[in-house]
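The values are calculated or read from the model by the stated rules, or taken from the named source; none is laboratory data. Keep in mind the model is a prediction, meaning the values are calculated, not measured. Don't worry about glycine lacking a Cβ; one is built from the backbone with ideal geometry, like all the others, and counts go over all protein chains shown. SASA here: full protein model, heavy atoms, side chains in, ligands and nucleic acids out. Shrake-Rupley method; radii C 1.70, N 1.55, O 1.52, S 1.80 Å.
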Amino acid sequence: GAAANSRDNARTPMPWDGSAGGGFTSGTPWIELGAGWQSVNVAADRADPDGVFARYRLLAALRRELAVVRHGDWTLLEPDHPQVFAYRRALGDERVAVFANFSAEPAQAEVPPELRGAARDLIADAAAAVPPVLELAPWESRALYVRG
């Protein structure tokens, strides 16, 4: 029971690459590397254009690029939705709305009128046609930007 509930499962050495010791050590780590470390490691993530590192770089760039992300007023959307966490930021004529489905089931979320129609999907970095009700796949997030 202790192994299933222990926090040690998340406290393994960081595997930097797929080499022996995960690039963490040439010796014997005090605790085993996490499962799958040969393919789930920093080097593999940095090489993945859809990996965590690439997403953080995208988010940092959006924060630099869009003042609304840094300074916009924040409003919670659909506060009672059982699956979706959604909010809007507004600054001047700019709007960003973020919708995140925190469940293993598909979900729908109502889109505010000022974000319906043509928008820029910041996560996909593409133009998007935004309907009145957004369909979200399990664990999917969308960030929609409009200006004007």
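Side notes on the structure shown:
- Top-ranked residue in region 90-147 [being in a strand (DSSP E or B) and among the polar types (S, T, N, Q); ranked as modelled with the lowest pLDDT]: Ser141
- Qualifying residue in region 57-67 (condition: in a strand (DSSP E or B) and in contact with a strand residue (DSSP E or B) (Cβ under 9 Å, 6 or more places away or on another chain)): no
- In region 6-31, residue least open to solvent (accessible area, probe 1.4 Å) [restricted to those that are assigned to a loop (DSSP other than H, G, I, E, B) and among the aliphatic types (A, V, I, L, M)]: Ile31
- Only one of Arg63, Arg142 that is open to solvent by 80 Å² or more (accessible area, probe 1.4 Å), under 19 Å from the mean Cα position of the chain (by Cα) and either under 28 Å from Asp45 (Cβ atoms) or in contact (Cβ under 8 Å) with a residue 60 or more places away in the chain (or both): Arg63
- Test: Val84 is of a type in the set (Val, Ile, Thr), in contact with a Leu (Cβ under 7 Å, 6 or more places away or on another chain), crowded, with 16+ Cβ neighbours inside 10 Å and in contact (Cβ under 8 Å) with a residue 24 or more places away in the chain: yes
- Residue selected from region 32-55 under the condition among the aliphatic types (A, V, I, L, M), within 22 Å of Ser6 (Cβ to Cβ) and more than 18 Å from the chain's Cα centre (by Cα), by the criterion surrounded by the most Cβ atoms within 10 Å (Cβ to Cβ): Leu33
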